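The values are calculated or read from the model by the stated rules, or taken from the named source; none is laboratory data. Treat the numbers as computed from the prediction; the structure is a model and nothing was measured. Because the Cβ atoms are built from the backbone with ideal geometry, glycine has one as well, and the counts that use them run over all protein chains shown.
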Amino acid sequence: MNELIDALAGITGPAQVLTGADMAPWCRDWTGQYQGQPLAVVRPANRDEVAAILRLASGMRVPVVPVSGNTGLNGGAMAEAAIALSLDRLNRIREIRPEARVAVVEAGVIVDALNTAADPHGLFFPLMFGASGSAMIGGVLSTNAGGANVLRYGNTRDLCLGLEVVLADGRVLDLMQALHKNNSGFDLKDLMIGAEGQLGVITAAVLKLHSLPTHRETAMVAMAALDEAPALLNAIQDASGGAVVAFEFMPRAFIDGHLALFPGAREPFDAPHAVNLLVELAATQAPGLGETLETVLGTWLESGKIADAVIAKSETQRREIWARREAAAEIAFARKPVIDTDIAVPIDAVADFLRQIEPALRAIDPDCQLLSVTHLGDGNIHYTCWPSNNDPQLKLRLRGVIDQMAVDMAGTFSAEHGVGLSKLGAMSRHKNVVALEVMQAIKSALDPLGILNPGKTLPTPKVIRP
Ligand SMILES: Cc1cc2nc3c(=O)[nH]c(=O)nc-3n(C[C@H](O)[C@H](O)[C@H](O)COP(=O)(O)OP(=O)(O)OC[C@H]3O[C@@H](n4cnc5c(N)ncnc54)[C@H](O)[C@@H]3O)c2cc1C
């Protein structure tokens, strides 16, 4: 053990090797559900130090867990009897090239910090989610994070042009190009994105920036029935030339959960409604955006498909609308025991899923409490179940029902948070057998000693063909 600590200190300097109580922030995840006891936390300053650490770890056969902002929700960054390799000191924004609309950044740059740097150029990095004040570029790339603006800008994968990755043996895979087209063999950049630290450690990236919208219209809309919501989204998209950036669904239970947890919070409408939608449009040149939204909503109000609508009149009102939506993770994890899922189904199957899942869960646990919030524009449902007791078997059954129903509706058990520890069982049960074999083969080729983030993401290679 001392030999390892001394060798790490030889690479980074002793001040950047933490042990004992100093490791506390890396021993627990944001949800409080996962704990780990790393051998040491090491905080390299640059790519070459990362490479030296991986060479050392390979030589000593010591597991390494890359950690960025530690906001992941699936236990993937927890290090148990492993080196926790923190990327937080690789936090330089190397350059912003406004004409090419790219930023060249290191892996430890916090998402909000990138936006602060891009803002003076009239640009932004459009990954919008509740943890953007802490999550880092290496982490959002490694989980292929989604969020509220996927409808318009795509997932993190769609926002990345180039990547620098240190492989398990310390070699540097330099894919740091700012190219929109590059068909030269396998796309190794895309392989590394969403790999959850299984295939290498991301140390830098070339990211796409977009024009900062100068016009935004944000509304809360109450609908009579959720089934009509996709048609409303399409109507607003068609009328606005595709200006919708977010389309989120919050059922009544979510509004109640928000009001209960945040004392100063307000109802979105004068009367309570079952179907509450957050709609946001954004554009750089659109003086008529507000009128367009009002016209569509007015027509739908007259037809009776919309029960009420409130358009934000100020940035303060807009922030209030978004604060409600961005409180989702805090609401879900405020109660324990909790089963949190992030499944996805096709957009036109969301209403059916939500109709059918509640009786299916109550048939198993009549007293469970249920909550959901949905990125309706992309079909990603964060479905939360608070079971009536902490029985592990009960929790497994309830989670299994949610995953199975998503898969049965041509969906996925894992839409945006990644697999980590929490979805290993679902990977075994639901992931295509050949896909698992290919993933294991790639893992073995790139990390033959299995030192990178072991025990996560990929179920143990005991794949049995049906
Ligand atoms: C309040 C809140 C709201 C959230 N909302 C969303 C949301 O809307 N959409 C969404 O997708 N997620 C959301 N998340 C989940 C989380 O923020 C994302 O998964 C985020 O991408 C994690 O980034 P991070 O820097 O914290 O990564 P970490 O938690 O540090 O790591 C995540 C995973 O990536 C690996 N990893 C980290 N850095 C590297 C690296 N440099 N190289 C290789 N592997 C690495 C880790 O080992 C781990 O497996 C939310 C979380 C919170 C707490």
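Of the residues making up segment 434-453, those that are among the charged types (D, E, K, R) and either more than 19 Å from I83 (Cβ to Cβ) or assigned to a helix (DSSP H, G or I) (or both) number 2. A131 - would you say it is modelled with pLDDT of 95 or more, part of a strand (DSSP E or B) and under 19 Å from I193 (Cβ atoms)? When the stated conditions are applied, A131 does not pass them. The one condition from (1) surrounded by 22 or more Cβ atoms within 10 Å (Cβ to Cβ); (2) not in a loop (DSSP other than H, G, I, E, B) that E330 does not meet is (1). Only residues that are in contact (Cβ under 8 Å) with a residue 40 or more places away in the chain, among the hydroxyl-bearing types (S, T, Y) and assigned to a loop (DSSP other than H, G, I, E, B): list them for segment 13-66, please. Listed by number, the residues that qualify are T31, Y34. May I ask you to verify whether K313 is basic (K, R), exposed (fewer than 14 other Cβ atoms within 10 Å of the Cβ) and more than 25 Å from the chain's Cα centre (by Cα)? Against the criterion (basic (K, R), exposed (fewer than 14 other Cβ atoms within 10 Å of the Cβ) and more than 25 Å from the chain's Cα centre (by Cα)), K313 qualifies. The number of residues in segment 397-441 being in contact (Cβ under 8 Å) with a residue 24 or more places away in the chain, loosely packed, with under 15 Cβ neighbours inside 10 Å and among the aliphatic types (A, V, I, L, M) comes to 2.
Is segment 375-382 home to any residue that is touching a residue at least 12 places away in the same chain (Cβ under 8 Å) and surrounded by fewer than 18 Cβ atoms within 10 Å (Cβ to Cβ)?
No, every residue in segment 375-382 fails to be touching a residue at least 12 places away in the same chain (Cβ under 8 Å) and surrounded by fewer than 18 Cβ atoms within 10 Å (Cβ to Cβ).
The number of residues in segment 108-129 being in contact with a strand residue (DSSP E or B) (Cβ under 8 Å, 6 or more places away or on another chain), without any contact (Cβ under 8 Å) to a residue 24 or more places away in the chain and either of a type in the set (K, R) or within 13 Å of the ligand (Cβ to nearest atom) (or both) comes to 1. Of all residues in segment 194-220, those satisfying the criterion of being within 22 Å of V245 (Cβ to Cβ) and either crowded, with 17+ Cβ neighbours inside 10 Å or at pLDDT 95 or above (or both) are L207, K208, L209, H210, S211, L212, P213, R216, E217, T218, A219, M220.
Determine whether Q198 is touching a strand residue (DSSP E or B) at 6+ places or on another chain (Cβ under 8 Å) and part of a loop (DSSP other than H, G, I, E, B).
When the stated conditions are applied, Q198 passes them.
One residue stands out among those in segment 297-310 that are in contact with an Asp or Glu (Cβ under 9 Å, 6 or more places away or on another chain) and part of a helix (DSSP H, G or I): the one that is surrounded by the most Cβ atoms within 10 Å (Cβ to Cβ), which is W300.
Using the structure shown, decide if N182 is more than 10 Å from the ligand (Cβ to nearest atom), closer than 30 Å to D238 by Cα and polar (S, T, N, Q). Spelling it out, it is not the case that N182 is more than 10 Å from the ligand (Cβ to nearest atom), closer than 30 Å to D238 by Cα and polar (S, T, N, Q). Taking segment 130-158 as the range and being closer than 23 Å to T457 by Cα and either of a type in the set (D, E, K, R) or more than 11 Å from the ligand (Cβ to nearest atom) (or both) as the test, the residues that pass are G154, R157, D158.
Working only within segment 134-176, note down all residues that are assigned to a strand (DSSP E or B), more than 22 Å from the chain's Cα centre (by Cα) and in contact (Cβ under 8 Å) with a residue 40 or more places away in the chain. The answer is V166, V172.
If you filter segment 212-244 down to residues that are among the hydrophobic types (A, V, I, L, M, F, W, C) and assigned to a helix (DSSP H, G or I), you find that the one that is farthest from V296 (Cα to Cα) is L226.
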